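Colleague: Take this structure, written in structure tokens, and hold onto it; I'll ask about it next.
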Amino acid sequence: MAKRPRDAVFTTVLWDGNSKIADFDHHIRRLNYHAERLRIDLPPNSEQLIAQTILNRANKYSDNKLLNITFDCISREFKTHSRELPNLRNCNIDAMTIPIKKWLGQVTGTKHGDWQFYIEAKDVAEQNGVDIALLIDQYSIIDSDRASIMVIDEDGVAYISESQQAVQGITLEVLTNGLAEMGIPLNKAKLNERLVARCTEIIALGTGIGCCKIISIDGDEVGQKSSTIFNKCQAYLAQHYSNTNNWTDLCEYSN
């Protein structure tokens, strides 16, 4: 990974190990949006270049994996790196809070080249015996080291951070339609101590982590024992990823 924010822009996708990517259009839209915020000029045929890069390494795996797709501004090329899905996925997790690092301009909230802070935040969380780092500013949850955070209040209303410093999560974006179908209102707000204190559930959503329920923050239990909305979200996402229509065959871009 590059060391300066504007040296790179990236996204991490769910890959079948062969030629298919889940929610490819969502990832391309976010990649373009983040590149615009970072003032990075992507090639006009980005989709084709990404597809060819991935197809060159296809047919090597049979299980779903995470695939990092990075546009390197120095070499002006797309690079990919795969890794296994984590064991910690779609389960209950513990969290701790860490102050968010803020870059100037439009950098914070994008998937940029200087990603070391997020990697180190995850390491700090694990060194302290928990699973995820919640990134806070002015006593509010802004983001986490690798997932979007959604807080459910006692009325069954879902809240996500209103801050532009939160990375726009693809899994959360996918789930938004599901929340509407379930009749669960979704609002943007400050995820402050008051909202967290009266919540029933806190859910972390990400391509790698899947859909996890946060059961403690900084050693204090949060939410209720019941997992009504968490279970509904897990079921919706499982159905989403089992639907072949939500997977793009990159061979379509190679013709």
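Colleague: Is it the case that segment 2-11 has a residue that's closer than 30 Å to Val130 by Cβ, modelled with pLDDT under 95 and surrounded by 15 or more Cβ atoms within 10 Å (Cβ to Cβ)?
Modeller: So far as segment 2-11 goes, yes, one or more of its residues are closer than 30 Å to Val130 by Cβ, modelled with pLDDT under 95 and surrounded by 15 or more Cβ atoms within 10 Å (Cβ to Cβ).
Colleague: Only residues that are closer than 16 Å to Trp103 by Cβ and outside any helix (DSSP H, G or I): list them for segment 1-57, please.
Modeller: Scanning segment 1-57 gives Met1, Ala2, Lys3, Arg4, Ala8, Val9, Phe10, Leu38, Arg39, Ile40.
Colleague: Please state which one of Asn45, Asn56, Asn68 is surrounded by fewer than 20 Cβ atoms within 10 Å (Cβ to Cβ) and within 26 Å of Leu237 (Cβ to Cβ).
Modeller: Among Asn45, Asn56, Asn68, only Asn68 is surrounded by fewer than 20 Cβ atoms within 10 Å (Cβ to Cβ) and within 26 Å of Leu237 (Cβ to Cβ).
Colleague: Taking the residues in segment 173-183 that are crowded, with 18+ Cβ neighbours inside 10 Å and within 14 Å of Ile229 (Cα to Cα) as candidates, determine which candidate is nearest to the chain's Cα centre (by Cα).
Modeller: Residue satisfying both the conditions and the ranking: Leu175.
Colleague: Report yes if some residue within segment 89-101 is more than 17 Å from Leu205 (Cα to Cα), small (Gly, Ala, Ser) and either under 17 Å from the mean Cα position of the chain (by Cα) or outside any helix (DSSP H, G or I) (or both); otherwise report no.
Modeller: No, the conditions are met nowhere in segment 89-101.
Colleague: Out of Gly156, Gly129, which single residue is over 17 Å from the mean Cα position of the chain (by Cα), closer than 15 Å to Glu201 by Cβ and outside the structural domain of Ile40 (by TED's automatic domain parsing)?
Modeller: Only one candidate qualifies: Gly156.
Colleague: Having 2 or more residues that are of a type in the set (Gly, Ala, Ser) is the bar; report the strands (runs of 3 or more DSSP E) wholly within segment 102-183 that clear it.
Modeller: 140-144, 158-161
Colleague: Condition check: touching a Ser or Thr at 6+ places or on another chain (Cβ under 6 Å), of a type in the set (Phe, Trp, Tyr), modelled with pLDDT of 95 or more and assigned by TED's automatic domain parsing to the domain that holds Arg30. Does Phe71 satisfy that?
Modeller: No.
Colleague: Can you tell me how many residues within segment 119-139 are closer than 16 Å to Val196 by Cα and out of contact with any helix residue (DSSP H, G or I) (no Cβ under 8 Å at 6 or more places or on another chain)?
Modeller: Number of matching residues: 4.
Colleague: Using the structure shown, decide if Thr97 is assigned by TED's automatic domain parsing to the domain that holds Tyr118 and surrounded by fewer than 19 Cβ atoms within 10 Å (Cβ to Cβ).
Modeller: Criteria met by Thr97.
Colleague: State all residues of segment 187-198 that are of a type outside the set (S, T, N, Q) and farther than 21 Å from Arg146 by Cβ; if no residue qualifies, say none.
Modeller: Ala189, Lys190, Glu193, Arg194, Leu195, Ala197, Arg198
Colleague: Check Asp220 against each of (1) loosely packed, with under 13 Cβ neighbours inside 10 Å; (2) closer than 26 Å to Thr12 by Cβ and name the one condition it does not meet.
Modeller: (2) is the only condition that Asp220 fails.
For (1) at pLDDT below 95; (2) within 24 Å of Arg83 (Cβ to Cβ); (3) not basic (Lys, Arg), each residue gets a yes or a no:
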residue: Gly178; (1), (2), (3): yes, no, yes
residue: Ile202; (1), (2), (3): no, no, yes
residue: Thr207; (1), (2), (3): no, yes, yes
residue: Ile214; (1), (2), (3): no, yes, yes
residue: Ile217; (1), (2), (3): no, no, yes
residue: Leu237; (1), (2), (3): no, yes, yes
residue: Ser242; (1), (2), (3): no, yes, yes
residue: Asn246; (1), (2), (3): no, yes, yes
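Colleague: Going through segment 234-251 one residue at a time, which ones are out of contact with any Leu (no Cβ under 6 Å at 6 or more places or on another chain) and in contact (Cβ under 8 Å) with a residue 24 or more places away in the chain?
Modeller: Correct list: Gln234, Tyr236, Leu237, His240, Tyr241, Asn246, Trp247, Thr248, Asp249, Cys251.
Colleague: Let me ask you something else. Restrict the check to segment 199-217 and report whether at least one residue is without any contact (Cβ under 8 Å) to a residue 60 or more places away in the chain and under 26 Å from Lys65 (Cβ atoms).
Modeller: Yes: segment 199-217 contains one or more residues that are without any contact (Cβ under 8 Å) to a residue 60 or more places away in the chain and under 26 Å from Lys65 (Cβ atoms).
The values are calculated or read from the model by the stated rules, or taken from the named source; none is laboratory data. These numbers were taken from a predicted model, which means no experiment stands behind them. Note: ideal-geometry Cβ built from the backbone for every residue, glycine included; neighbour counts use all protein chains shown.
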